Structures are given as C-alpha cells and as structure tokens.
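> I am attaching a structure below and will ask some questions about it afterwards.
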Amino acid sequence: MAATAERALGKATSRSGEHLLGIAALVALGVSAVMSLVVAPPDAVQGEVQRIMYVHVPSAWLAYLCFFVVFIASIAYLKTKKTRWDRVAAASAEIGVLFTSLAIVLGMLWGKPVWGTWWTWDPRLTTTAVLLMIYVAYLAIRRITDNPSRRARWAAVIGIVGFIDVPIVHLSVVWWRSLHQGPTLFRLGPPEIEGTMLLALLLGVAAFTITYAYLMTLRLRVGRLEERAAREALSPLVGAER
Amino acid sequence: MTSARQATLIARKDLLIEVRGRHALGTLVPFAATVLVAFGFAFGPGREVLERVAPGLLWMAVLFSAVMASRRAYQTESEDGALEGLLLAPIDKAAVFLGKAVAVTVELLALVIVVLLLVMVLFDLSVADPFLVLAAFVLGAIGLAAVGSLFGVVAESSRTREAIFPMLVLPLVAPVLIAGVRATDLAAAGRSGEVWSWLGLLAAFDVVFLSVGVLVFGYLLED
C-alpha cells in the first residue's frame with residue numbers, strides 16, 4: 001500500500017522533462033540578456049533606457065498569452081469537466097497576474113524617463129491595468145469556496161467573460177484617449193526597428209515563452225500534489241464511514 | 001412555456017418583491033443620494049468643478065447602486081431555499097438570468113430618474129439633449145444589470161467576503177462607465193453628433209454580455 005503510494009508519488013513528481021525545460025529557459029534568458037544588454041545598440045533617441053523594451057514587451061506578450069490560455073482552458077473545462085483543465089487555467093492565471101504586474105512596473109520605469117511620468121491614462125496601459133484587476137479578482141474568487149467543482153465552474157466562467165471583456169475595454173479606452181508610441185512590429189510594411197534590436201526583442205519573447213512553459217509545468221505539478229493531498233486527507237474519513 | 005415567457009415571469013416576480021418590500025425605494029435611493037452629497041462635499045462648493053464632474057458622479061452613484069441591486073436580487077433567493085426551488089423548477093437557466101437582468105434594469109432606471117433630478121438640482125447640471133442622456137442610461141443600465149445578474153450568484157454564495165463582488169464587477173464594467181460618462185457629458189453639452197458612437201459602444205456591450213450570460217449562467221448554478 002505504502003509502496004504503491006510512493007511509486008505514484010514518484011511518477012507525479014518525475015522531473016526529467018521539467019529539468020530540461022528549466023535549463024532551456026535559463027539558457028534562453030541568458031542569451032537574451034547578452035543580446036539586449038551588449039549586442040543590441042542603444043536607441044538613437046532614448047539611449048540606454050530603451051533597453052527596458054527587451055523585458056517589457058516580452059512580459060506584456062506573456063500576460064496576454066497567459067490569459068488566452070486561461071480562456072481556452074476554461075472553455076475546455078466547462079465542455080469536458082476534466083479537472084486537468086481547471087489546473088491549467090489556475091496555473092496560467094497566476095503566472096499571468098505575475099507577468100502583467102511585471103509589464104506594468106517595467107513600463108512605468110521606462111515611462112518615467114521617456115514620457116516624464118510614471119503613469120498616463122493611455123489605452124494600452126489602462127487596458128492592461130483593467131486586465132490585472134479582472135484576473136486578481138479571478139484568483140480571489142478561486143479562494144472563497146472549498147467546493148472544488150464549484151470553484152472550477154465559477155473560475156471558468158470568469159476566465160471566459162474576463163477575456164471577452166478585454167477588447168471592449170480596449171476599444172473604450174482608445175476612444176477615450178491615446179499617447180502610447182504606435183506598435184513598432186505588428187503593422188504592415190517594413191518594421192521601424194533595426195535588425196539586431198529586432199533579433200534581441202524576438203529572442204526575449206522566445207526566452208520568456210520558454211520560461212512560461214517551465215513555470216507552468218512546476219505549477220501544474222504543485223496543483224496535482226495539492227489535489228492528491230486533499231484526497232488523502234479525506235480518505236481515512238471516507239473509509240471510517242463505510 | 002417559452003424562455004421569453006419564463007424570463008418575464010421571473011422579472012415580474014422580482015419586481016413585485018421590490019414593490020412590496022420597498023428595498024429600492026427605501027435603501028437604494030437614499031444610498032445614492034448620500035453618495036452624491038458626499039461627492040458634493042469632496043468636490044464642492046465651487047460650482048464650476050461640480051458642474052464639470054457631475055456626469056461622472058452621476059454614473060458613479062448608479063454604478064454603486066447597481067452593485068447593491070444585483071446583490072439584492074440574489075439575496076432574496078437565498079432566503080427560505082428559494083434558489084433551490086428556482087433551480088428545481090422546470091425552466092431554462094438562461095431565463096433566470098434574463099429575468100433577473102430585466103428586473104435589475106428596471107430598478108436601476110427608476111433610480112436613475114431620481115438621481116438625475118438630484119444631480120440637476122445639486123450640481124446645476126443642465127441637459128441640452130435629455131433624450132440622448134436617457135438613451136445612454138437605458139443602455140448603460142442594461143449592461144450593468146447583465147454583469148451584475150451574471151455574477152450576483154457568486155456574491156450571494158460568498159457573503160463572508162463582501163469585497164469580492166465589486167472587485168470583480170467594477171473592472172468588467174469599465175467600458176460602461178467610460179462610455180456612459182462621455183455620452184452624458186456630450187449630450188448635456190449639446191454635442192449630440194458625437195454621442196452616437198458612445199451609445200453604439202454601450203449597445204455592443206449589452207449584446208455581448210447578455211449573450212455570454214445566456215450561454216454561461218447555467219454553469220454557475222450547477223450544484
């Protein structure tokens with residue numbers, strides 16, 4: 001009995017794939033740091049401070065990627081009712097809140113010297129702030145109920161509704177006002193960015209995405225163990241009742 | 001019985017409870033009035049500032065009241081196991097959502113009329129185009145009621161942590177607040193031509209949240 005449990009635990013905590021991902025993330029972040037701090041030239045107008053872009057843009061990208069994953073996993077959970085999807089949504093939301101906060105803080109550090117202010121009510125900033133508030137509420141709701149099935153269903157509904165709300169929020173704040181520098185990469189025609197800078201930026205995005213995958217595997221494993229611990233804490237009681 | 005008929009019955013039931021219990025009249029109106037007077041202390045007594053911020057204050061008062069009204073809509077259901085009865089009844093879950101949303105919308109509009117008059121008196125707001133202001137409030141109230149009625153169930157089941165419901169609803173309805181305030185501001189100033197795009201945004205918000213609500217509301221109740 002104990003041996004089976006141990007074997008099962010060993011399987012749940014198997015880490016070889018995780019280690020590989022971790023090493024890949026570390027290497028990618030290292031290369032990206034060298035590219036963005038040493039190889040890429042300083043910006044002609046903004047100087048060295050523009051290098052914040054190499055972490056700010058990847059953080060913002062991850063924020064939206066994470067919440068897109070929450071959206072998809074939430075739909076999958078409501079369709080299939082498999083707890084695996086709920087774990088994916090929860091893990092991705094936590095990482096998303098982390099990187100959204102990071103993107104906002106890095107943006108402020110960049111905005112102070114360049115725009116002369118920590119914060120402006122610019123559309124992309126404001127949308128990201130609203131996004132952060134929605135998913136902080138998402139995480140808060142996950143904590144208020146002890147009933148796992150109810151928690152998963154509530155969270156899934158908020159994960160879907162929250163994501164659908166984002167474009168409407170964005171449109172409303174775009175009409176409201178605008179100051180942010182226009183998108184540099186995603187537009188028609190040649191990008192307005194020098195080759196090495198572009199390479200450093202894309203490397204940053206790739207490195208952050210690998211890091212996201214690594215953090216997801218860690219968080220998913222913790223989620224599985226939490227679930228098992230909850231089940232095992234209950235099983236003696238269930239056994240006694242029989 | 002069609003879903004529309006079921007929704008009408010639910011809305012009728014909720015409004016009847018309101019009329020007999022006088023919750024909206026007895027609690028929400030004094031609450032909104034108190035909020036407005038507090039805003040007056042915060043931004044007054046200079047007429048110029050008050051006049052400029054009046055549309056925003058008006059919508060803030062409606063927003064807070066919407067949070068309270070949607071919570072109230074499910075509070076009555078939690079008494080005497082009414083919600084269980086509603087869930088066991090052979091009716092569409094989406095009809096429950098739509099019925100609640102209609103009832104909350106009607107309550108909010110009744111409140112808006114009182115609040116609007118108060119703001120016009122207290123903050124000296126003159127409205128050049130009352131029809132458009134009213135249109136903004138009708139569309140805005142539908143949006144607020146849709147979000148509130150969707151998540152009111154969550155609020156009712158998490159009564160021990162009261163801050164969570166507004167924490168969830170306020171960011172979600174950010175577009176309603178922005179569009180509503182801008183539309184009211186422009187309509188009050190007589191710049192009617194610019195109001196229409198904001199009304200369009202409010203209408204789009206209503207359509208999106210009513211349809212999403214119809215699709216997902218059942219999952220919130222499945223116990």
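> Being without any contact (Cβ under 8 Å) to a residue 12 or more places away in the chain, of a type outside the set (S, T, N, Q) and more than 8 Å from chain A (Cβ to nearest Cβ) narrows it down to one residue among B:173, B:207; which is it?
None of the others qualify; the one that does is B:207.
> Being more than 9 Å from chain A (Cβ to nearest Cβ) and crowded, with 23+ Cβ neighbours inside 10 Å narrows it down to one of B:189, B:135, B:145, so name that one. I'd like the intermediate steps shown before the answer.
Values: B:189 fails: crowded, with 23+ Cβ neighbours inside 10 Å; B:135 fails: crowded, with 23+ Cβ neighbours inside 10 Å.
Exactly one of B:189, B:135, B:145 is more than 9 Å from chain A (Cβ to nearest Cβ) and crowded, with 23+ Cβ neighbours inside 10 Å, namely B:145.
> Name the single residue, out of those in the range A:155-171 being facing another protein chain (nearest Cβ under 8 Å) and out of contact with any Leu (no Cβ under 6 Å at 6 or more places or on another chain), that is surrounded by the most Cβ atoms within 10 Å (Cβ to Cβ).
Of the range A:155-171, the ones facing another protein chain (nearest Cβ under 8 Å) are A:156-158, A:160-162, A:164-165, A:168-169, A:171.
Still in the list and also out of contact with any Leu (no Cβ under 6 Å at 6 or more places or on another chain): A:158, A:160-162, A:164, A:168-169, A:171.
Numbers: A:158: 28, A:160: 22, A:161: 24, A:162: 25, A:164: 16, A:168: 21, A:169: 25, A:171: 18.
Filtering the range A:155-171 for residues that are facing another protein chain (nearest Cβ under 8 Å) and out of contact with any Leu (no Cβ under 6 Å at 6 or more places or on another chain), the one surrounded by the most Cβ atoms within 10 Å (Cβ to Cβ) comes out as A:158.
> Restricting to the range B:210-223, name every residue that is farther than 14 Å from residue B:147 by Cα, surrounded by 16 or more Cβ atoms within 10 Å (Cβ to Cβ) and at the interface with another protein chain (Cβ under 8 Å from one of its Cβ atoms).
B:219
> For the range A:121-138, state whether one or more residues are away from chain B (no Cβ under 13 Å) and small (Gly, Ala, Ser).
Within the range A:121-138, not a single residue is away from chain B (no Cβ under 13 Å) and small (Gly, Ala, Ser).
> Of A:217, A:211, which residue is in a helix (DSSP H, G or I), farther than 30 Å from residue B:219 by Cα and modelled with pLDDT of 85 or more?
Matching residue, one of A:217, A:211: A:211.
> Another one. Go through the residues of the range A:20-42 one by one and say whether even a single one is closer than 30 Å to residue A:165 by Cβ, hydrophobic (A, V, I, L, M, F, W, C) and surrounded by 14 or more Cβ atoms within 10 Å (Cβ to Cβ).
There is no residue in the range A:20-42 that is closer than 30 Å to residue A:165 by Cβ, hydrophobic (A, V, I, L, M, F, W, C) and surrounded by 14 or more Cβ atoms within 10 Å (Cβ to Cβ).
> Taking the range A:82-133, which residues are acidic (Asp, Glu) and under 25 Å from residue A:49 (Cα atoms)? If you could, list the steps in order and put the result at the bottom.
Quick first cut of the range A:82-133, residues acidic (Asp, Glu) only: A:86, A:94, A:122.
Passing the criteria: only A:122.
> Mind checking whether some residue in the range B:83-97 is surrounded by 22 or more Cβ atoms within 10 Å (Cβ to Cβ), more than 14 Å from chain A (Cβ to nearest Cβ), of a type outside the set (Val, Ile, Thr) and in contact (Cβ under 8 Å) with a residue 12 or more places away in the chain? If you could, list the steps in order and put the result at the bottom.
Of the residues in the range B:83-97, the ones surrounded by 22 or more Cβ atoms within 10 Å (Cβ to Cβ) are B:95-97.
Next, only the ones that are more than 14 Å from chain A (Cβ to nearest Cβ) stay: B:95-96.
Retained after the next criterion (residues that are of a type outside the set (Val, Ile, Thr)): B:95.
Imposing the further condition that a residue be in contact (Cβ under 8 Å) with a residue 12 or more places away in the chain reduces the set to B:95.
Yes - at least one qualifying residue is present in the range B:83-97.
> Filter the range B:127-163 for residues that are in contact with a helix residue (DSSP H, G or I) (Cβ under 7 Å, 6 or more places away or on another chain) and polar (S, T, N, Q) and give the result.
B:149, B:158 - these are the residues of the range B:127-163 that are in contact with a helix residue (DSSP H, G or I) (Cβ under 7 Å, 6 or more places away or on another chain) and polar (S, T, N, Q).
> Among the residues in the range B:41-64, are any surrounded by fewer than 23 Cβ atoms within 10 Å (Cβ to Cβ), under 22 Å from residue B:177 (Cα atoms), out of contact with any strand residue (DSSP E or B) (no Cβ under 9 Å at 6 or more places or on another chain) and β-branched (Val, Ile, Thr)?
Scanning the range B:41-64, I find at least one residue that is surrounded by fewer than 23 Cβ atoms within 10 Å (Cβ to Cβ), under 22 Å from residue B:177 (Cα atoms), out of contact with any strand residue (DSSP E or B) (no Cβ under 9 Å at 6 or more places or on another chain) and β-branched (Val, Ile, Thr), so the answer is yes.
> Among the listed residues B:156, B:162, B:194, which satisfies the condition of being outside any helix (DSSP H, G or I), within 13 Å of another protein chain (Cβ to nearest Cβ) and either modelled with pLDDT under 85 or under 16 Å from the mean Cα position of the chain (by Cα) (or both)?
On inspection, the qualifying residue turns out to be B:162.
> Scan the range B:47-60 and report the pairs whose first residue is in contact (Cβ under 8 Å) with a residue 40 or more places away in the chain and farther than 21 Å from residue B:176 by Cα and whose second residue is assigned to a helix (DSSP H, G or I) and aliphatic (A, V, I, L, M), with Cβ atoms within less than 8 Å and a gap of 6+ or a chain change.
Pairs that qualify, where the first residue is in contact (Cβ under 8 Å) with a residue 40 or more places away in the chain and farther than 21 Å from residue B:176 by Cα and the partner is assigned to a helix (DSSP H, G or I) and aliphatic (A, V, I, L, M), are B:50/B:122.
> Using the structure shown, decide if residue B:205 is among the aromatic types (Phe, Trp, Tyr) and modelled with pLDDT of 90 or more.
So residue B:205 fits the description; yes.
The values are calculated or read from the model by the stated rules, or taken from the named source; none is laboratory data. Remember, predicted model here, so these are calculated numbers, not experimental data. Don't worry about glycine lacking a Cβ; one is built from the backbone with ideal geometry, like all the others, and counts go over all protein chains shown.
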